[in-house]
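What follows is calculated from the coordinates using simple rules that are stated; it is not laboratory data. All values reported here derive from a predicted model rather than from experimental measurement. With ideal geometry, Cβ positions are generated from the backbone for all residues, glycine too; neighbour counts draw on all protein chains shown.
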Protein chains: 2
Amino acid sequence: MQISTTALNPIIEMPQTSNRGHIMPESPIRKLVPLSDKAKERGIKVYHLNIGQPDVKTPTIAFEAMKKIDRSILEYSPSNGFKSLRKKLANYYHGFNIDVNENDIIITTGGSEAVNFAFMSCLDPGDEIIVPEPAYANYTAFAIGAGAIVKPVVSTIEEGFALPPVEKFEELITPRTKGILICNPNNPTGYLYTQSEMNKIRDLVKKYDLYLFSDEVYREFCYTGAPYISAFHLEGIDENVILFDSVSKRYNECGIRIGALVTKNVEVRKSVMKFCQARLSPPLIGQIIAEASIDTPKSYMLEMYNEYVERRKFLIDGLNRIPGVYTPIPMGAFYTVAKLPIDDSDKFCAWLLNDFEYEGQTVMMAPCSGFYTEKGQGKDEVRVAYVLEKEELAKALVVLKKALEVYPGRTL
Amino acid sequence: MQISTTALNPIIEMPQTSNRGHIMPESPIRKLVPLSDKAKERGIKVYHLNIGQPDVKTPTIAFEAMKKIDRSILEYSPSNGFKSLRKKLANYYHGFNIDVNENDIIITTGGSEAVNFAFMSCLDPGDEIIVPEPAYANYTAFAIGAGAIVKPVVSTIEEGFALPPVEKFEELITPRTKGILICNPNNPTGYLYTQSEMNKIRDLVKKYDLYLFSDEVYREFCYTGAPYISAFHLEGIDENVILFDSVSKRYNECGIRIGALVTKNVEVRKSVMKFCQARLSPPLIGQIIAEASIDTPKSYMLEMYNEYVERRKFLIDGLNRIPGVYTPIPMGAFYTVAKLPIDDSDKFCAWLLNDFEYEGQTVMMAPCSGFYTEKGQGKDEVRVAYVLEKEELAKALVVLKKALEVYPGRTL
């Protein structure tokens, strides 16, 4: 090892970590975990509104499938996942009028891996994707992993996070534009795209020969009676669509890490399969549980749905009643973006964990700065997940109200 | 969509998949699966010597841990894995005189993810790593994923796959060289590096300020009495070492997908953690099983070890008795590379599945072409995994002998 012998401070030369690793953002959802751990060590109760980890019980059918596992070896599974699971999933999609079969489906280690493999397979370094923002932060992380560039089209809280005008997309189109990414229903905004908006996206995809990456993980969670429109419902772009899904998220079993990448594009699947083979196989036990979970009784799904309807109303009302706070009513998923009377959401969220408590409690939220590409955006916004029961949400709302009264960076 | 209206053949313009996806190799271990599936459909018994999926039963303690899971929600876990698992794993490493603690360990989704995250965190596009070959094919896949370049140093079957001379490494060093990757005991060759060889690697790492990526997944499987030398045993390069490990492989539970990345390099860990956060968390149930499995009784480990000793002797003797076949005696892991009297291992391995059977049986092996970077190498070599019991190996050897007698591309 070469030792640079600067007087009193010998520095050992080490290889440098990658630039990719440097520019990769920390997750706005998880980066404050060390602070919340410390708060808990101090005996403070932390309400976790930062992460989409619902408190809803995993279906009994999932546990039963796990306990029933009768194998002598917990072996590798096929790189694209068990055929039986893919068949059942295809059948599930048919229920949403999505016409795919088991060969169009590749099982992934969580929905996250579907995003990662799609980007690695479709995007070269320097390629660009257009993403309406605020957007789920990990898209950017995976784009950076692939060396691709996120070109944001910013939607605003004032417009309820509706799709920005088509012209805003067209302004960003370059020869390097390879795709558009949408999340519908949207994480973090809860926005649900209308038929007219989806048609506009379809027309862009057609006109410029783009991939349409469509994250539809939250399809079961649409609250307004407005229809959920899948990218696969759009005519004439069958081969352009790459759908991301999560089974584990849908059935409150986030930990089993089972998602799917769905596409009719054979070239994309061929490429994705190479990445699948390199990581050998998705989790075995997770797949068994996921397959069983697709049969979760309708009553469970309905009860969960009703619970979210209640929580949503309760949280939105509660937030909007706090002086200086505004959030539009989310139409789907289980998140909302709220505007707060604060100087800086990163500082505020860290302060809540480090320096604040109200009756031994505090609140953890995700600063929205991490959901935008351009620096300086989302500084007065936070993502709030309504994944706790109403009693907990009620307490969290009180804590938030009290915090906003005393936060040194308050702007009201 | 722009339709190019060439006379009778209208071509719909589609975006191109990534160059990365094009140049990425298919797994030599898994790419023939469609052919073996078809052979099975024709009623043919296929002996799987292609994949490191042992037939050894998963420890009872693993199943017990799974059945005992008493949670109401299968939730996300920490991005770096459960602390209790990391602590136990640190303790396991202490048994091998590897001085690490739980903070040096990051739990990954299989050993594969450890390789992937290490490369993504340490290597930028155009960066180079030097790898003794033949080498586990998926290193190349992950290197391509990171845009990095594998510079091979070829070891030969004639020399028993010993480490090539240091000069061969030094010839390849450029300003873009970031690391050396070793696998010890080696997959696919079964070679175990000596103290003297490891010292040479250490000196190279020191002299040129490199990372040492060390895959030590097979440390429990060393058969000759020669010591297993971990990269962490080498003096003066503590911060340069990035160790890859697999818990699921060690305890015959490949399907649970639990591995680890171990490094004392804080900068590397910081970068790796960003990739960990982006994929949220490693499998929950897998972690619970892995943690329990570390307590697998010594008697199980010893029985498994003895079984592999027997299989190894049996397979190597059997292979070397087939006319024109040669394999050195592997010192560790459960693979060997055999030289066969054939024109092309890819053709031969496909032919075995497509066109050959002996008494309703055939053999599946991994063509070694996929374990070398340079085209044309490994054409007369296959990787054979001794993961089946002796009775099965005996039958597989007969089938292989018969096949080599009639294969149209035989060279004997």
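Before moving on, here are some points about what is shown:
- Pairwise FRET efficiency - A:E13 versus B:V406, Cβ, R0 = 51 Å, nearest 0.05: 0.30
- The Cα atoms of the protein assembly as shown give a gyration tensor whose axes a ≥ b ≥ c have a/c of 1.5 or more with a/b greater than b/c, which makes the shape prolate.
- Inter-copy label distances at B:L302 (7 Å, Cα→Cβ; nm, one decimal): 6.0
- 10 Å Cβ neighbours from other chains, averaged over peptide B:76-83: 3
- In order through region B:74-83: 3J(HN,Hα) via Karplus (6.51 cos²θ - 1.76 cosθ + 1.60), integer Hz, x for Gly, Pro: 8, 8, 4, 10, x, 4, 9, x, 5, 4
- Its DSSP H runs of at least 4 residues, each contributing -39,500 (n - 2.57), put the calculated 222 nm mean residue ellipticity of chain A at -11500 deg cm²/dmol, to the nearest 500.
- Within 10 Å of the Cβ of each residue in A:283-291, the mean number of Cβ atoms contributed by other protein chains is 5.
- 7 Å along Cα→Cβ, label-point gaps from B:K313 to other copies, nm, shortest first: 7.6
- Under a model in which nothing but the beta-carbon of Lys, Arg (+1) and Asp, Glu (-1) is charged, chain B shows a dipole of about 620 debye around its Cα centre.
- Note on chain B: antiparallel DSSP beta bridges, both residues inside, total approximately 50 percent of the bridges counted.
- Rounded to 5, percent antiparallel among DSSP beta bridges of region B:161-281: 35 percent
- Region B:357-406: GluC sites (Glu not before Pro) in DSSP coil with no more than 15 other Cβ atoms inside 10 Å: B:E359, B:E374, B:E389
- Loop-located trypsin sites (Lys or Arg not before Pro) in region A:55-124, at most 14 other Cβ atoms within 10 Å (DSSP): A:K68, A:R71
- Going from the fewest other Cβ atoms within 10 Å to the most, the residues A:M66, B:M365 appear in the order A:M66, B:M365.
- Rounded to the nearest 20, the size of the Cβ-charge dipole of the protein assembly as shown about its Cα centre is 900 debye, with Lys and Arg at +1 and Asp and Glu at -1.
- Ordering A:264-270, B:302-308 by mean Cβ neighbour count within 10 Å, with the highest value first, yields A:264-270, B:302-308.
- Each of A:A65, A:T174, A:C122 was placed along the dipole of region A:40-184 (beta-carbon charges, centred on the mean Cα), and the one lying farthest toward the positive end is A:A65.
- Global geometry of chain B, whether rounded, prolate or oblate, following the gyration tensor of its Cα atoms and the 1.5 cut on a/c: rounded
- Ranked by how many other beta carbons lie within 10 Å on average, peptides B:287-294, A:93-100 from highest: B:287-294, A:93-100
- Cα centroid of region A:48-95 to Cα centroid of region A:277-308, whole Å: 4 Å
- Among beta bridges identified by DSSP and lying wholly in region B:74-293, the antiparallel ones come to about 35 percent.
- The mean number of Cβ atoms from other chains found within 10 Å of a Cβ in peptide A:22-31 is 5, as a whole number.
- Rounded if a/c under 1.5, otherwise prolate or oblate - region B:167-271, Cα gyration tensor axes: oblate
- With a simple spin-label model that places each label point 7 Å from the Cα along the Cα-to-Cβ direction, the separation between A:M301 and B:I329 comes to 6.2 nm.
- For A:D355, the distances from its label point to the matching points in the remaining copies are 7.6 nm, ordered from shortest, with each point set 7 Å beyond Cα toward Cβ.
- When the listed pairs B:K168/B:K206; A:K38/A:K375; A:K178/B:K270; A:K249/A:K402 are checked against a 22 Å cut-off, the alpha-carbon distance exceeds it for A:K38/A:K375; A:K178/B:K270; A:K249/A:K402.
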